[in-house]
Amino acid sequence: GCNVDPAIFSTNPGHSLRTFSWEQPTQADFDTWKHAIRAITSPNLTYNPPLGKYKTTPHVPYQWLASADNALLYHLFPNGGYDYFEPDSSTRSTRSGSKYTKKGTAPGFPPASHYASIRNYTSNSVTLHSTVPMLQPPSNTTSFLDYVYSLRNQSLWDYLEIDDGGDWLLPSLLSGNLVICNDGSYMPKLSKTACSGAFILHCKATGKEIKGCFCDDSPNGDNYRGELLGGLGPLLLLKAAFSTSAATGIDQAIIQLSSQSLHCDNKGVISHGNEPTTTLRSEQPQADLIRLLKSYTRELPCNITWIH
């Protein structure tokens, strides 16, 4: 927490778990940025006192982790798995860090407890600069139902059926056993303004399910609006699953690498759901619900894919 990461001075586009506005800085902008960082820290790019523990998940996806005693260093792969490194017994630690050599590769996620910053990485060796404890979950507990029933507009959940409290939803997603489908309904012979959307979330491993339906009475009522309503329900329920105390106890790298498919028979919902960062054209039909669909998708920490 004392040294500025040299990577922040890179002029290459970076990666983040958050959405930022599109920028095209000039060389003068980069020079101003470097000057500002040195003014905030020091000419030699150190900061005193050291920074404290993380209070939220780092917005830059981390690639390096360490065990609590620094006996092992882990390099994460983007699609799962990792290389692990051990201290090089033939060298001594110096002010620039401790050297590690690669010992092997393993699947899954490592038993790490600390974020790590490194230097001088090659395919077979790396120098450990420093470590900091990973983000710890809060002490208070929030269940799946606690979060669902804390949301505004509780009338949305009047037709919700949940097996065993719903806390199985997140483990089902992370294990690849969750299937989600939705559909819309509009019967203009009965009402030209009312429509609805139904959804089901099914765990293939346990057979547990969540079923629900959102209804709406609007001058804009039509089949498309019903399909969108059916798509919003699962997204809100996934957000609830990721907001539980159980989710905060899971390492964020596992969540960030996870993915979930949602099945829908409306190509408009699929198109907008798979492009959550694009803007809507003027006079877009059902723009209010489409904006919610895009917003809820962006807020989820896992990768969402809509399938026809």
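The values are calculated or read from the model by the stated rules, or taken from the named source; none is laboratory data. Since this is a predicted model, take the numbers as computed values, not measurements. Counting neighbours? That spans all protein chains shown, and the Cβs are built from the backbone with ideal geometry, glycine included. Side chains are part of the model used for accessible areas, which takes the heavy atoms of the whole protein and leaves out ligands, DNA and RNA. Shrake-Rupley method; radii C 1.70, N 1.55, O 1.52, S 1.80 Å.
Filter the range 276-308 for residues that are outside any helix (DSSP H, G or I), within 19 Å of ALA247 (Cβ to Cβ) and either in contact with a Gly (Cβ under 6 Å, 6 or more places away or on another chain) or of a type in the set (Phe, Trp, Tyr) (or both) and give the result.
First, the residues of the range 276-308 that are outside any helix (DSSP H, G or I): 276-286, 300-308.
After this cut, where a residue has to be within 19 Å of ALA247 (Cβ to Cβ) as well, the list is 300-304.
Of everything in the range 276-308, nothing turns out to be outside any helix (DSSP H, G or I), within 19 Å of ALA247 (Cβ to Cβ) and either in contact with a Gly (Cβ under 6 Å, 6 or more places away or on another chain) or of a type in the set (Phe, Trp, Tyr) (or both).
Residues of the range 168-227 being outside any loop (DSSP other than H, G, I, E, B) and β-branched (Val, Ile, Thr), which ones?
Filtering the range 168-227 for residues outside any loop (DSSP other than H, G, I, E, B) gives 169-174, 178-185, 194-203, 209-217, 223-227.
Within the range 168-227, VAL179, ILE180, ILE200, ILE210 qualify.
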> Any residue at all in the range 193-204 that is open to solvent by 60 Å² or more (accessible area, probe 1.4 Å), β-branched (Val, Ile, Thr) and free of Cβ contacts under 8 Å to residues at least 24 places away in the same chain?
Replying inline: no
>> I'd like to verify a number: residues in the range 267-308 that are within 13 Å of GLU227 (Cα to Cα), of a type in the set (Lys, Arg) and open to solvent by less than 60 Å² (accessible area, probe 1.4 Å), how many?
In response: 0
